[in-house]
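Peer 1: Mind looking over this structure? Questions follow.
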Amino acid sequence: MAALLSERKLLLAGEWVETGAWAEVRSPYSGDVVGRVARAGAAEARRAVDAAEAAMRDPLPAHRRAEILVRVAGQLGRRHEEAAQLISAEAGKPLKAARVEVSRAMSTFTMAAVEARKLAGEMVPMDASQAGVGKLAFTLRQPVGVVGAISPFNFPLNLVAHKIAPALAAGCAVVLKPASQTPFSALLLAELEAEAGLPPGWLNVLVGPAAEIGDVLVEDDRVRAITFTGSGDVGWTLAERAARKRVKLELGNATPVIVAADADLDDAATRLAANAFSFAGQSCISVQRIYVQREAYDPLLERFLPRVEALVVGDPADEATDVGPLIDRDARERVLAWIEEARAAGARVLTGGDLEGELVRPTVIADVGPELRVSCEEVFGPVCTVTPYDTLDDAIALANGTRYGLQAGIFTSDLKAALAAAGRLEFGGVTVNEAPTFRADQMPYGGVKDSGNTREGPAYAVRELTEERLVVIEL
Ligand code: NAP
């Protein structure tokens, strides 16, 4: 482990480069240095764009792109445990969740390889109008150009996979800036890409000051698309500044779930306890707001609270741990402040609300007003609220009462209620009898409202990173 994490250079134009400056990465759990990484700035970012543009002058055929992506999936399988340890060490993610992330990243690469082989335009029915008679027309799907990719800390492997695998499948070269707190998983993927035969320049990975590297991606006209996953403030500012580029945003949520009285309450309680606190709530679709039909409110809490209290809080490297640390001290202080704000406003903390050692205990809060930050903003911590409702209309209105719209869920045995919720919840995805934290990597995944403007999942991302070129032939 120590040797693996100790030192990483950057991948630039096919070379592993040092820059003379290093950035330390520390464990969110112990504070120990887990490694150091060469630090890039604007000059390296410009070289990376040069390299990506040069690479794209010699396009890779689809079968080669697909073969490379499949090889990366295979290599990830062989180095599965090492990758999981890496995620756990740099992100503080409990090992069992880190292992799931590695398997999901394999799936993301596998699906992207399929999309590379399927990529095709379509026939245009030219004789459908008088003007088209005697002509044949079809479209070609062309790569959009160099892609700038910016990823967050919370899924340091699989969200990087969702950036680079579809872009490469689409035939685009990539300049990737992973989160400064978690660069090692991204650099492992870069190593696997190079081993899999990706020629120089197709993937460049830069770690360094976000604004400096981001500015190059925004200002350089050769970067035709920016794909960003992270917080809304950063994402929407990038979109405003890069008005002429395709800027694809995957942002936050304040994830609601409705539990109707006719639901299987044991099943709902089990799934909600697991999905409100996994990785200490640091998932964009972590269950945050639970609305329970009034007659089922006490029965659900009787089932839910013991399951929450049974979660093991501790060292992410321990096999038994369910809930580890928040990413840093600032995040911890912010989450504790939001809990205090709710308490001061008269909310009741049913469990948690304090620290176990240095870690925030899984926290369930009742009697919260909709204006409190734990209700309407993204907590991004191990905190959820529980609120009773009377009618489905009320529950849907409460769930929609946020500026976010990524995923939402409903537990019910009534098909009509499920379909009504699916139609009226203003979110990019709605789960029925599953926590809205669920994601399989081939799904179209993304938000409405402040949660973003795109859909990821290789099939959808490939479409967004290509453009159709029309060919018209006079017969
Ligand atoms: P963040 O602070 O916005 O950082 C995300 C990325 O943006 C990092 O690589 C960061 O670099 C970079 N960045 C920061 N400022 C920048 C700038 N001025 N220009 C260019 N890049 C900049 O978000 P985070 O705290 O890592 O992630 C948590 C957020 O991501 C939450 O809101 C969560 O909901 C969201 N998220 C959404 C999805 C989804 O699929 N919808 C998935 C996961 C997470 P540095 O690390 O160097 O600062």
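The values are calculated or read from the model by the stated rules, or taken from the named source; none is laboratory data. Source: prediction; values computed, not measured. Every residue, glycine among them, receives a Cβ derived from its backbone with ideal geometry; neighbour counts consider all protein chains shown.
Peer 1: For residues that are within 8 Å of the ligand (Cβ to nearest atom) and of a type in the set (Ser, Thr, Tyr), scanning just the stretch 210-236, find the one that is surrounded by the fewest Cβ atoms within 10 Å (Cβ to Cβ).
Peer 2: It comes out as 231.
Residues checked against (1) out of contact with any strand residue (DSSP E or B) (no Cβ under 7 Å at 6 or more places or on another chain); (2) under 24 Å from residue 322 (Cβ atoms); (3) within 16 Å of the ligand (Cβ to nearest atom); (4) assigned to a strand (DSSP E or B):
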position	(1), (2), (3), (4)
395	no, no, no, no
413	yes, no, no, no
427	no, no, yes, no
434	no, yes, no, no
439	no, yes, yes, no
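Peer 1: Just one of 371, 341 is at pLDDT below 95, of a type in the set (D, E, K, R), surrounded by fewer than 19 Cβ atoms within 10 Å (Cβ to Cβ) and outside any strand (DSSP E or B); which is it?
Peer 2: The conditions single out 371.
Peer 1: Right, another one. Quick check, is residue 49 of a type in the set (A, V, I, L, M, F, W, C), surrounded by fewer than 15 Cβ atoms within 10 Å (Cβ to Cβ) and in contact with a strand residue (DSSP E or B) (Cβ under 7 Å, 6 or more places away or on another chain)?
Peer 2: In short, no.
Peer 1: Could you tell me whether any residue of the stretch 238-250 is modelled with pLDDT of 95 or more, closer than 28 Å to residue 418 by Cβ and either surrounded by fewer than 20 Cβ atoms within 10 Å (Cβ to Cβ) or within 13 Å of the ligand (Cβ to nearest atom) (or both)?
Peer 2: Scanning the stretch 238-250, I find at least one residue that is modelled with pLDDT of 95 or more, closer than 28 Å to residue 418 by Cβ and either surrounded by fewer than 20 Cβ atoms within 10 Å (Cβ to Cβ) or within 13 Å of the ligand (Cβ to nearest atom) (or both), so the answer is yes.
Peer 1: So is residue 335 in contact (Cβ under 8 Å) with a residue 40 or more places away in the chain, assigned to a strand (DSSP E or B), within 29 Å of residue 456 (Cβ to Cβ) and aliphatic (A, V, I, L, M) or not?
Peer 2: Answer is no for this residue.
Peer 1: Step by step: first the residues of the stretch 124-159, then only those that are assigned to a helix (DSSP H, G or I) and more than 16 Å from the ligand (Cβ to nearest atom), then the one that is surrounded by the fewest Cβ atoms within 10 Å (Cβ to Cβ). Which residue is that?
Peer 2: 130
Peer 1: Kindly establish whether residue 304 is closer than 22 Å to residue 410 by Cα, modelled with pLDDT of 95 or more, among the aromatic types (Phe, Trp, Tyr) and part of a loop (DSSP other than H, G, I, E, B).
Peer 2: Considered against the rule, which asks whether it is closer than 22 Å to residue 410 by Cα, modelled with pLDDT of 95 or more, among the aromatic types (Phe, Trp, Tyr) and part of a loop (DSSP other than H, G, I, E, B), residue 304 comes out as no.
Peer 1: Residue by residue through the stretch 344-368, note down the ones that are in a loop (DSSP other than H, G, I, E, B), crowded, with 18+ Cβ neighbours inside 10 Å and among the hydrophobic types (A, V, I, L, M, F, W, C).
Peer 2: 347, 368
Peer 1: Is there a residue in the stretch 268-291 that is among the aromatic types (Phe, Trp, Tyr) and not in a helix (DSSP H, G or I)?
Peer 2: yes
Peer 1: Enumerate the pairs (first residue in the stretch 239-252 and more than 22 Å from residue 429 (Cα to Cα) and without any contact (Cβ under 8 Å) to a residue 24 or more places away in the chain; second residue anywhere and within 8 Å of the ligand (Cβ to nearest atom) and not basic (Lys, Arg)) with beta-carbon separation below 6 Å, excluding pairs fewer than 6 apart on the same chain, so at least 6 apart or on different chains.
Peer 2: From the stretch 239-252, the pairs are 241/218.
Peer 1: Hey, another quick one. Can you go through 113, 105, 97, 128 and tell me which one is without any contact (Cβ under 8 Å) to a residue 40 or more places away in the chain and of a type in the set (A, V, I, L, M)?
Peer 2: Result: 128 is the single residue among 113, 105, 97, 128 that is without any contact (Cβ under 8 Å) to a residue 40 or more places away in the chain and of a type in the set (A, V, I, L, M).
Peer 1: Tally the residues that are part of a loop (DSSP other than H, G, I, E, B), closer than 18 Å to residue 223 by Cβ and in contact with a Lys or Arg (Cβ under 8 Å, 6 or more places away or on another chain), restricting the search to the stretch 173-206.
Peer 2: 1
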